[in-house]
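First comes the structure, then the notes that go with it.
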Amino acid sequence: MPVADLEAKAKGVAGTATREEKETVFLWLHGLSRGFSGELLQRVIPIRYDTEHGREGVQRESGTLVCEMTVEEDMANGYNNMHGGCSAYLVDV
């Protein structure tokens, strides 16, 4: 992913996470999209990323990432809702 694209995408994400943390999310999604069900992950759009940082010198790994995705026909079950396997995959990732 070109650096300019990465920076532009990170700027579009709200939240307290640093620009570098937001860029990491896009790199992670981009890398995973090359594997199993990659076309599904290409539809995931991060919209907010909040992180909590501990005191200086203490690394605290806590954060919330909010993404959105439009459920399309190829992701739907017979009731026209997101298929359970699709939602389980997103939770697993």
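Heavy-atom accessible surface of the chain, averaged per residue, reaches 72 Å², computed with a 1.4 Å probe.
Heavy-atom accessible surface of residue 39, to the nearest 10 Å², is about 110 Å², with a 1.4 Å probe and all protein chains retained. For the chain, the residue among 18, 28, 8 whose Cα projects farthest onto the positive side of the dipole built from Cβ charges is 18.
Residue-normalised convex hull volume from the C-alpha trace of the chain: 115 Å³ per residue. What is the local net charge at residue 67, summed over the other residues whose Cβ is closer than 10 Å to its Cβ (Lys, Arg +1; Asp, Glu -1)? Its environment carries a net charge of +1.
Which residue fluctuates the most in the chain, going by a Gaussian network model with Cα springs under 10 Å, if the choices are 15, 78, 63? The residue with the greatest mean-square fluctuation here is 78.
What net charge do the residues around residue 90 carry, taking every other residue with its C-beta under 14 Å from that of residue 90, with Lys and Arg at +1 and Asp and Glu at -1? Local charge sum for residue 90: -3.
Between residue 87 and residue 28, the simple label model (points 7 Å from Cα in the Cβ direction) yields a spacing of 2.2 nm.
In the chain, carbon and sulfur make up what percent of the accessible area (probe 1.4 Å)? All intermediate terms of the calculation are to be shown ahead of the outcome.
Values: 3360 of 6650 Å².
Carbon and sulfur: 50 percent of the exposed surface of the chain.
The values are calculated or read from the model by the stated rules, or taken from the named source; none is laboratory data. Note that this is a predicted model, so its numbers are computed, not measured. Positions of Cβ are generated from backbone atoms using ideal geometry, with glycine treated the same way; all protein chains shown enter the neighbour counts. Surface areas here come from the heavy atoms of the whole protein model, side chains and all, with no ligands, DNA or RNA. Shrake-Rupley method; radii C 1.70, N 1.55, O 1.52, S 1.80 Å.
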